[in-house]
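Visitor: Before we start, here is the structure in question, set down as structure tokens.
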Amino acid sequence: MTRRQWILVGLITISAMSLVNARYHERRLFTQVDRTDRISQKLDSDIEVLQVELTALRNPGRIDGAAKRDLKMVPLQPTEILYWPRSSLDEGVRGLK
């Protein structure tokens, strides 16, 4: 083989290796994009689930039920007067005014 043929064989070999390397990186990037898309879809569905849960938690009926059941709170009637006992904290606040 002549020198020119060896150079041509070397260039073809380098070109083929470069092509294989480019295909490898292309496949790797494709799998990374695919993985990112799947994660994005999962996060979108998680956001929807959390929004539904938040809507359920904000339901006024649920809050009223929890206040009556867990905290033993009762609605105040317009004819009732509610007195708070005096404490040292109230007097300290009054002294600041």
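The values are calculated or read from the model by the stated rules, or taken from the named source; none is laboratory data. Here the structure is a predicted model, which is why all the values come from computation and not from measurement. Cβ: placed from backbone, ideal geometry, glycine included. Neighbour counts: every protein chain shown. Heavy atoms of the whole protein, side chains included, go into the accessibility calculation; ligands, DNA and RNA do not. Shrake-Rupley method; radii C 1.70, N 1.55, O 1.52, S 1.80 Å.
Visitor: Answer yes or no: is there a residue in segment 45-59 that is hydroxyl-bearing (Ser, Thr, Tyr) and closer than 30 Å to Leu76 by Cβ.
Guide: Within segment 45-59, one or more residues are hydroxyl-bearing (Ser, Thr, Tyr) and closer than 30 Å to Leu76 by Cβ.
Visitor: Report whether or not Ser18 is under 26 Å from the mean Cα position of the chain (by Cα), of a type in the set (Ser, Thr, Tyr) and open to solvent by less than 100 Å² (accessible area, probe 1.4 Å).
Guide: Values: under 26 Å from the mean Cα position of the chain (by Cα): no; of a type in the set (Ser, Thr, Tyr): yes; open to solvent by less than 100 Å² (accessible area, probe 1.4 Å): yes.
When the stated conditions are applied, Ser18 does not pass them.
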